[in-house]
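The values are calculated or read from the model by the stated rules, or taken from the named source; none is laboratory data. Keep in mind that this is a model prediction, so the values were computed, not measured. Here Cβ is always computed from backbone atoms with ideal geometry, including for glycine, and neighbour counts include all displayed protein chains.
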Amino acid sequence: MGEFDQKGTIATRWGTKSELESLLNTMKAYDIAAYYDAVLNHKLGADGQEIFYGRTAWTMYNGIGRNYYYSRAGEWSWNFECFDGDYNGLFPYKTWDYTYDSDYLMGEDIDYQNDNVKDEIKEWGSWIINVIGFDGFRLDAVKHIDSGFIQEFIGHVRSSSSKDIFVVGEAWINDQNQLIDYLNSVSNCMKVFDFPLRNDFVDLSNGWKDMRFWGGLVNSDYRNQVVTFVDNHDTCRDGNPYNQPQVIRYKNQAYCYILLRADGIPCVFAKDYEDYGMAPELDVIIKARRYFAYGPGHEYYGNDHDVYCYVREGLPEVPGDGLVFLISDGTSGNIAVKNINSRQPDTSFYDLAGHVSGIVTTDSNGYGDFKVVQNEVLGWSIWVPVN
């Protein structure tokens, strides 16, 4: 964490432990939760090599730099017995763990049939939450980790804390049924990223999307188990080393879809906001979410191939909320008009995005003629109450 003077520095490349704790305290003061990105599948960067059963591998991890602090050094140490194998294959007298996908991914694969390893990781997880002050985890590459241990780890951490611990697993599975199968294999103990929904955003970007039909777990019985996203650090890496289909066009429409609907926990990709020039548009969509996207959600019955519409009816305890958003993958530049039940009678709406001018006033039953431009740049409108 950046606490000990070792290997020429105290700070990690991200800073010191005291800086981290200061950050977490500031986030807490602003009621912002912090989640730790935990890589529990493998280790890299060993302190030394070991020779065992006639082979040599980088499996020695010692605690010399921290004088064995935080460690049960008298009981055990991280050595070859703590790993199943490396890039050269399975170690002698070992078996791969019981994982949904292949156990080995990279580095030295951690052996979750080793009780010392399991105890150490569980203790570490509780320390991250209860001592350092995080509020949950993003678990990397979970489909390559022993499914039984995933449940054991999450159960242990939650039982050791009074916090409502949030956990999302990166199970990189594009097929919807297979992702549901993975969730069932870990007894639905966490949320997962909705990779199948991103397939729809790829189709949207390529001009293939029929706006009437949407997949993803967010549109299934598992809608409460997902974190929705448009891009992340793997799907949008420089040079596209994983050869992933890209979401380039109609990206604001995709963000409207995940940020303004009632289901799913949305995630905004930092590069979209900070590096790719989307901050002004994302600020509008995030503002709509913060101030207006409340209450039950309703898909418009008249969605067609090129226009998707959705209503948030608002909550009585949040005056002036509720919205109607329309997104289009059209190219004509024409205005599409949809007569939509806003669930708010006799209410005047305006387009928060500013793409369509004028006011829409609903009738006594809540219906009004809401509009959207049919093109990529302006093809998203968020109609919110005037007052």
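Screening I10 on (1) outside the structural domain of G169 (by TED's automatic domain parsing); (2) touching a residue at least 40 places away in the same chain (Cβ under 8 Å); (3) among the β-branched types (V, I, T) shows it passes everything except condition (2).
Yes/no matrix, rows are residues, columns are (1) surrounded by 20 or more Cβ atoms within 10 Å (Cβ to Cβ); (2) of a type in the set (G, A, S); (3) modelled with pLDDT of 95 or more; (4) over 20 Å from the mean Cα position of the chain (by Cα):
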position: D86; (1), (2), (3), (4): yes, no, no, yes
position: T95; (1), (2), (3), (4): no, no, no, yes
position: Y112; (1), (2), (3), (4): yes, no, yes, yes
position: V117; (1), (2), (3), (4): no, no, yes, yes
position: W127; (1), (2), (3), (4): no, no, yes, yes
position: I145; (1), (2), (3), (4): yes, no, yes, no
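The set of residues in region 96-128 that are of a type outside the set (S, T, N, Q) and free of Cβ contacts under 8 Å to residues at least 40 places away in the same chain comprises W96, D111, Y112, D115, V117, K118, D119, K122, E123, W124. Applying the condition of being assigned to a loop (DSSP other than H, G, I, E, B), at pLDDT below 85 and of a type in the set (D, E, K, R) to region 35-82 and asking which residue is nearest to G133 (Cα to Cα) yields R72.
Take the conditions (1) surrounded by 13 or more Cβ atoms within 10 Å (Cβ to Cβ); (2) in contact (Cβ under 8 Å) with a residue 60 or more places away in the chain; (3) not assigned by TED's automatic domain parsing to the domain that holds Y104; V39 misses just one of them, which is (3).
Does G314 satisfy the condition of being within 30 Å of the chain's Cα centre (by Cα), more than 19 Å from Y250 (Cβ to Cβ) and surrounded by 14 or more Cβ atoms within 10 Å (Cβ to Cβ)? Yes: the conditions hold for G314.
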